[in-house]
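One structure below.
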Amino acid sequence: MGQRILILVASGPSTPLRCAAPFHIATLLACMDAEVTLFLTGEGVQLARQEIADTLRAIDGGEPVRHFIRQAKSAGARLLLCRAPGVPLHEYRLIAEVDEPASGGELAQMILEYDRVLTL
């Protein structure tokens, strides 16, 4: 197994031009035998909502963000979602590609343990 890479996805609907890149990079790294985990945090959490993932496009006429999420998943990347304390998580609204919700404490542990951490 290659290096363990953690990609913090903080971009969301307010910056659509940035939203495909984390998943594209994850796909490339996973294809190079890296163990890749994508962690949606901040506004990036919105990318796990079906209505956002299926309609948000990085460029006009381009593929929706969910296309890039699916590519990363099919290459072997894990997709985690930050679970905000006290905020209800409506799992029925989430895309099926989300592996599981995770806490800030779990994120902190991953930051300390992984070989590389990228924030996009």
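Contact order normalised by length for the chain, with contacts defined as Cα pairs under 8 Å and 6 or more residues apart; what percent is it?
35 percent
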message: When 1/r is averaged over all different Cα pairs and the result inverted, which Kirkwood radius in Å belongs to the chain?
response: 14.1 Å
statement: Relative contact order of the range 29-78 (C-alpha contacts under 8 Å, at least 6 apart) in percent is 43 percent
message: Using a 7 Å offset from the Cα along the Cα-to-Cβ direction at both L28 and E100, what is the distance between the two label points in nm, to one decimal?
response: 3.0 nm
query: What part of the accessible area of the range 1-71, given as a whole %, is carbon or sulfur when the probe is 1.4 angstrom?
result: 56 percent
query: Between Q109 and A21, what FRET efficiency follows from the Cβ-Cβ distance if R0 is 25 Å, with the result rounded to 0.05?
result: 0.50
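The values are calculated or read from the model by the stated rules, or taken from the named source; none is laboratory data. Since the structure is predicted, the reported quantities are computational estimates derived from the model, not experimental observations. Here Cβ is always computed from backbone atoms with ideal geometry, including for glycine, and neighbour counts include all displayed protein chains. Surface areas here come from the heavy atoms of the whole protein model, side chains and all, with no ligands, DNA or RNA. Shrake-Rupley method; radii C 1.70, N 1.55, O 1.52, S 1.80 Å.
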